[in-house]
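Here's the structure we're looking at; comments come further down.
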Ligand SMILES: [Zn+2]
């Protein structure tokens, strides 16, 4: 029986106006290389860094959200190593005194969260001879979060990482887009067959939640297989190869790196007792975990519905605005129906137009009105789909759209009777089947009336009209 031990190291680029130690813009969407650079973030000799207060505050807020302890005094350290994307030859980081110690999320203990600066980015020319370096990212504020090795398995790691992403997004700490490298996850995995600790392998280059899961799973299996065949796991860094769904050795760790940490002489120590921590705590919004509990209670939604809403902060805000409108329109508002409407055709229309909640042309008021019209029977489901399509096109109120496009329900008895007669006249075989006892044919005939009216017939009334005609 093998036991695996998993810990995570997560880097999160902070969403600040400027970089960590200079006034260059922090713009993760910049496409042109080396435009947001200055002597400080290019590491020119003789330059002096200054600390970005917002970056410090954001890491403190992250610590508060994770219930960690905020340091009273701290300082930055130099971590020396050589790499082409690191112009100073050292990175300003935090070693012994991180901003945040401890904390917990999804049953995983957090060791620490510290603040450091990001490196530049290398692009390797396909000719294999040249590498290019872009320093736009050099000096971007970066939070590094390290967990204790009490991650149960690959699924648990994903649950943790997803919730962490939601928290930093809710709190405006980071956009945490994994594809853009704004959230980078490394997993430390070791496997052993007895009580002793196994040899730790570090897995890097993980850039999606699916890869977090698959990389950990793969690494556990690889190490188990190796041990079972009498082999030994070597301490190394391995890279996840997305295309092949495997990890590959990047470098063997023969001894611990000597980063020669020492306190950064160009920066003053930080006295955090001078910050208004209470104010920072108050500035934190309602976080996903609290929101789930409240939405469930206030709107009587089930766990899955709540989870879907809370996944996207804007979706949950939209829902709540629409819900308060619905409460004005209906005596007994059905919030489950509102939710179903939102995750069903509404999401479909969003996907079709490839827009996010921030760009939806349908206001929450109009959407609540739309749901109320369905609930009180003014809109059939077939008609609703067309009205919603128009709402996404024009952003108009559903009733205006129904008027303009004459999309009203046909429930006029004589009109429906004529339609029923026409259908019964046309489908002789189906009618004969119905009369010989095949009741299910009725649904088919109702469907024909719905098709002829492009969904505008009231299906219940259409059915009644058919039954009358069939009895004649
Ligand atoms: Zn700069």
Scope the range 1-27; condition within 15 Å of the ligand (Cβ to nearest atom) and either part of a strand (DSSP E or B) or surrounded by fewer than 19 Cβ atoms within 10 Å (Cβ to Cβ) (or both); matching residues
17, 18, 23, 25, 27
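Quickly run through the range 178-199 and pick out the residues that are touching a residue at least 60 places away in the same chain (Cβ under 8 Å) and either surrounded by fewer than 17 Cβ atoms within 10 Å (Cβ to Cβ) or more than 30 Å from residue 281 (Cβ to Cβ) (or both). Step through it out loud before you land on a result.
First pass over the range 178-199, keeping only residues touching a residue at least 60 places away in the same chain (Cβ under 8 Å): 180-193, 197-198.
Matches in the range 178-199: 180, 181, 187, 188, 189, 190, 191, 192, 193, 197, 198.
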So which residues in the range 380-408 are touching a residue at least 24 places away in the same chain (Cβ under 8 Å), more than 14 Å from residue 455 (Cα to Cα) and over 32 Å from the mean Cα position of the chain (by Cα), if there are any at all?
399
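Looking at the range 380-406, which of the residues that are out of contact with any strand residue (DSSP E or B) (no Cβ under 8 Å at 6 or more places or on another chain) and part of a loop (DSSP other than H, G, I, E, B) is nearest to residue 356 (Cα to Cα)? Talk me through it step by step, then tell me what you get.
The initial filter retains those residues of the range 380-406 that are out of contact with any strand residue (DSSP E or B) (no Cβ under 8 Å at 6 or more places or on another chain), namely 381-406.
The next check asks that each one be part of a loop (DSSP other than H, G, I, E, B); those that pass are 395-397, 405-406.
Details: 395: 15, 396: 19, 397: 20, 405: 27, 406: 30 Å.
My answer is 395.
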Name the residue that is surrounded by the fewest Cβ atoms within 10 Å (Cβ to Cβ), counting only residues in the range 362-379 that are under 31 Å from the mean Cα position of the chain (by Cα) and in a loop (DSSP other than H, G, I, E, B).
363
Inside the range 328-344, the number of residues satisfying the requirement of being surrounded by fewer than 17 Cβ atoms within 10 Å (Cβ to Cβ) and not in a loop (DSSP other than H, G, I, E, B) is 7
Being outside the structural domain of residue 312 (by TED's automatic domain parsing) and at pLDDT 90 or above narrows it down to one residue among 439, 433, 397, 359; which is it?
433
Single residue of the range 46-74 satisfying the filter (without any contact (Cβ under 8 Å) to a residue 40 or more places away in the chain and in contact with a strand residue (DSSP E or B) (Cβ under 7 Å, 6 or more places away or on another chain)) that is farthest from residue 290 (Cα to Cα)
69
How many residues does the range 110-137 contain that are outside any loop (DSSP other than H, G, I, E, B) and surrounded by 15 or more Cβ atoms within 10 Å (Cβ to Cβ)?
11
Regarding residue 104, is this residue over 27 Å from residue 209 (Cα atoms) and either touching a strand residue (DSSP E or B) at 6+ places or on another chain (Cβ under 8 Å) or at pLDDT 95 or above (or both)?
no
Restrict the check to the range 149-169 and report whether at least one residue is surrounded by 14 or more Cβ atoms within 10 Å (Cβ to Cβ) and within 16 Å of the ligand (Cβ to nearest atom).
no
Would you check which residues across the range 33-61 are within 16 Å of residue 269 (Cα to Cα) and within 16 Å of the ligand (Cβ to nearest atom) and list them?
48, 49, 50, 51, 52, 55
Might you check whether a residue that is modelled with pLDDT of 95 or more, closer than 30 Å to residue 105 by Cβ and touching a strand residue (DSSP E or B) at 6+ places or on another chain (Cβ under 9 Å) occurs anywhere in the range 29-45?
no
Quick one: is residue 346 under 28 Å from residue 459 (Cα atoms) and not assigned by TED's automatic domain parsing to the domain that holds residue 459?
yes
Within the range 73-86, track down each residue that is closer than 19 Å to residue 135 by Cβ, part of a loop (DSSP other than H, G, I, E, B) and within 33 Å of the chain's Cα centre (by Cα).
83, 84, 85, 86
Does residue 66 satisfy being away from the ligand (no atom under 16 Å from the Cβ) and either more than 30 Å from residue 191 (Cα to Cα) or over 29 Å from the mean Cα position of the chain (by Cα) (or both)?
no
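What is the residue count in the range 269-309 for residues that are assigned to a loop (DSSP other than H, G, I, E, B) and over 24 Å from residue 332 (Cβ atoms)?
Of the residues in that region, 8 qualify.
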Across (1) touching a strand residue (DSSP E or B) at 6+ places or on another chain (Cβ under 6 Å); (2) surrounded by fewer than 19 Cβ atoms within 10 Å (Cβ to Cβ), residue 440 clears everything bar (1)
Answer yes or no: is there a residue in the range 378-386 that is assigned by TED's automatic domain parsing to the domain that holds residue 317 and at pLDDT 90 or above.
no
Go through the range 176-200 and report how many residues are touching a strand residue (DSSP E or B) at 6+ places or on another chain (Cβ under 8 Å), on the phi < 0 side of the Ramachandran plot and assigned to a loop (DSSP other than H, G, I, E, B).
8
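The values are calculated or read from the model by the stated rules, or taken from the named source; none is laboratory data. Since the model is a prediction, treat every value here as computed from it, not as a measurement. Every residue, glycine among them, receives a Cβ derived from its backbone with ideal geometry; neighbour counts consider all protein chains shown.
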